[in-house]
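The values are calculated or read from the model by the stated rules, or taken from the named source; none is laboratory data. Here the structure is a predicted model, which means the values were calculated and not measured. Every residue, glycine among them, receives a Cβ derived from its backbone with ideal geometry; neighbour counts consider all protein chains shown.
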Amino acid sequence: MHGMDLDKMDFSLTPPAQEPDRQYYFMAKCREYIKEECERLNRPLRAAVITFGCQMNARDSEKLSGILLEIGYELTEDEDADFVIYNTCTVRDNANQRVYGRLGHLNSLKKQNKHMKIALCGCMMQEPSAIEKIRQSYRFVDLIFGTHNIYKFAELLAAMFESDRMVTDIWNETDQIVENLPTERKYPFKSGINIMFGCNNFCSYCIVPYVRGRERSRSPQEILCEIKKLVSEGVVEVMLLGQNVNSYGKNLENPMTFAELLREVEKIEGLKRIRFMTSHPKDLSDELIQVMKESKKICRHLHLPLQSGSTRILKAMNRRYTKEQYLALVEKIRKEIPDISITTDIIVGFPGEEPCDVDETIDVVKKVRYDNAFTFIYSKRTGTPAAAMENQVPEAIVKEGFDRLLKVVQDTARERVRLLEGRTMEALVEEVNEHDSSLVTGRLSNNTIVHFKGDKSLIGQIVPVYLKECHGFYYLAEYATDVS
Ligand code: 5AD
Ligand code: SF4
């Protein structure tokens, strides 16, 4: 925690230039505004952070929530609140469309609650066309900022409270990483940790490098310090986050590999499980496989995006591996770590893709036998090289390929998950089951979901469970006394 007392801040002084002190100054200022508003309305003010997209965004939302709590809001999931922020995603167009749809609903809520404030941030805000559209058609939005200046949230909020016009602050790039701002975690026992930001790969379909900027790694000291602090607060599982964790550390003053970082994280006492996301196949080293193999804490799960099984399409995607190289890599990993579960991402309908390319992808799925695969229909993202390609695939053909692939993915995943039936394994209990409150839901080291009889006192504990019945992608299990 930062050592500053927000109630003793002197606003007659100019704001500090240094970060994060500057943000604590603005948090104190916002706290004054919120206090006044609460007194005026004679009730607490409530804020909702709504997250779209990936785990990176989920972690960013915890940072936004931390600041909102610090300045005096109560947090709620209800959008009928005094402050609502959408942390947006733009990786595929349907994410953007959902934001526009929900903004219409927010506008009607704002008409009933005049002092409601609405903010937008995240990847979609880094796209000039989205900003233009919001300025023209969604003028009731109070604050817009992007991915690079999220650490300035408190300062931007203060500007919003002082203005009656839309406040917009979008940066094209940054090399800054601001540490030590408040965060509010969703789960007390597990947490995501950013180890790097941005991406340098420029896969030809992907907008991420344009909206998240160039690769920047956090220093190992900062990462280890943050994890130790989390562990002291009760966290037992961490997920190390980056667009391409396998290239971690290349741009540090003292370069370090991802495998070396993992070795250090492993040493943290009290930490029980380590996960990471996402691995680019082209950068997955033998050193990493060895570290995973020797580790007692790194979970038996690897998310290894394939995107396509056709070497021709992979080349056009700028993925920099062939079908054969990918298969050889999987074989090497499985030989060293036989019980590992492998999951993937696949895109269908990339420009120029033909049914025979989908056959190649299906062939890889059958050979690898993924435990799970996220299949996406190609979405054209303005500004990416693939968007300018002429041979875009007609919708009906994409749909045909997608359905064919999905069937194989589901059949192979079911078969794989079923292999554990009858075994007893450890599960980290995450929550009381949403549909049946006599059950709790947990996750095995290999990321498979299990449900079994239990109550909320088990949440956050790692317990042995007997994997009794496989139901497609999850297990109905029983609390066991011993791990076999
Ligand atoms: N269209 C469809 N899927 C995409 N992804 C990234 N960009 C696109 C796009 N333009 C998918 C990739 C990536 C996952 C996070 O999203 O499969 O691994
Ligand atoms: Fe996008 Fe490729 Fe970077 Fe992943 S590695 S974020 S798919 S450009």
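Structure values in brief
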| read-out | value |
| --- | --- |
| Odd one out for residue 192 among (1) in contact (Cβ under 8 Å) with a residue 60 or more places away in the chain; (2) in a loop (DSSP other than H, G, I, E, B) | (2) |
| Segment 246-290: number of residues that are assigned to a loop (DSSP other than H, G, I, E, B) and more than 16 Å from ligand 1 (Cβ to nearest atom) | 17 |
| Residue list for segment 364-388, filter: of a type in the set (D, E, K, R) and either in a helix (DSSP H, G or I) or away from ligand 2 (no atom under 16 Å from the Cβ) (or both) | 366, 367, 369, 371 |
| Sole exception among (1) among the hydrophobic types (A, V, I, L, M, F, W, C); (2) without any contact (Cβ under 8 Å) to a residue 60 or more places away in the chain; (3) more than 16 Å from ligand 2 (Cβ to nearest atom) for residue 261, by number | (2) |
| Residue in segment 52-95 that is farthest from ligand 2 (Cβ to nearest atom), counting only those that are among the hydrophobic types (A, V, I, L, M, F, W, C) and assigned to a helix (DSSP H, G or I) | 69 |
| Test: residue in segment 367-386 that is more than 16 Å from ligand 1 (Cβ to nearest atom), surrounded by fewer than 21 Cβ atoms within 10 Å (Cβ to Cβ) and among the basic types (Lys, Arg) | yes |
| Search result, residues across segment 175-215 that are among the small types (Gly, Ala, Ser) and either touching a Gly at 6+ places or on another chain (Cβ under 7 Å) or within 16 Å of ligand 1 (Cβ to nearest atom) (or both) | 192, 198, 204, 213 |
| Criterion (out of contact with any Asp or Glu (no Cβ under 9 Å at 6 or more places or on another chain) and not in a helix (DSSP H, G or I)) met by exactly one of 99, 141 | 141 |
| Residues of segment 298-312 classified as away from ligand 1 (no atom under 12 Å from the Cβ) and either part of a loop (DSSP other than H, G, I, E, B) or over 24 Å from residue 261 (Cβ atoms) (or both), total | 6 |
| Test: residue in segment 221-228 that is at pLDDT 95 or above and within 16 Å of ligand 1 (Cβ to nearest atom) | no |
| Given (1) away from ligand 2 (no atom under 15 Å from the Cβ); (2) touching a helix residue (DSSP H, G or I) at 6+ places or on another chain (Cβ under 8 Å), index of the condition residue 319 fails | (1) |
| Top-ranked residue of segment 28-84 - restricted to ones that are within 27 Å of residue 8 (Cα to Cα) and aromatic (Phe, Trp, Tyr), ranked as surrounded by the fewest Cβ atoms within 10 Å (Cβ to Cβ) | 33 |
| Segment 199-216 residues that are on the phi > 0 side of the Ramachandran plot, paired with ones that are within 6 Å of ligand 2 (Cβ to nearest atom) (beta carbon under 6 Å, 6 or more apart) | 202/209 |
| Matching entry among 293, 315 (being without any contact (Cβ under 8 Å) to a residue 12 or more places away in the chain, more than 16 Å from ligand 1 (Cβ to nearest atom) and not in a loop (DSSP other than H, G, I, E, B)) | 315 |
| Any chance residue 229 is within 13 Å of ligand 2 (Cβ to nearest atom), surrounded by fewer than 21 Cβ atoms within 10 Å (Cβ to Cβ) and assigned to a helix (DSSP H, G or I) | no |
| Residues within segment 172-196 that are in contact with a strand residue (DSSP E or B) (Cβ under 9 Å, 6 or more places away or on another chain), of a type outside the set (A, V, I, L, M) and either under 24 Å from residue 76 (Cβ atoms) or modelled with pLDDT under 95 (or both), tallied | 11 |
| Residue within segment 196-216 that is in contact with a helix residue (DSSP H, G or I) (Cβ under 6 Å, 6 or more places away or on another chain), more than 15 Å from ligand 2 (Cβ to nearest atom) and in a helix (DSSP H, G or I) present | no |
| Cβ pairs under 7 Å, 6+ apart, first in segment 81-94 and of a type in the set (Val, Ile, Thr), second assigned to a loop (DSSP other than H, G, I, E, B) | 88/52; 90/127; 90/207; 91/53; 91/207 |
| Whichever residue in segment 150-188 is under 28 Å from residue 277 (Cβ atoms) and polar (S, T, N, Q) and, among such residues, is surrounded by the fewest Cβ atoms within 10 Å (Cβ to Cβ) | 172 |
| Matching strands (runs of 3 or more DSSP E) fully within segment 398-454 where at least 2 residues are of a type in the set (D, E, K, R) and without any contact (Cβ under 8 Å) to a residue 60 or more places away in the chain | 424-432 |
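Residues are listed down the side, and each one gets a yes or a no for (1) of a type outside the set (A, V, I, L, M); (2) surrounded by fewer than 19 Cβ atoms within 10 Å (Cβ to Cβ); (3) under 17 Å from the mean Cα position of the chain (by Cα):
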residue: 190; (1), (2), (3): yes, no, yes
residue: 211; (1), (2), (3): no, no, yes
residue: 220; (1), (2), (3): yes, yes, no
residue: 242; (1), (2), (3): yes, no, yes
residue: 267; (1), (2), (3): yes, yes, no
residue: 289; (1), (2), (3): no, no, no
residue: 293; (1), (2), (3): yes, yes, no
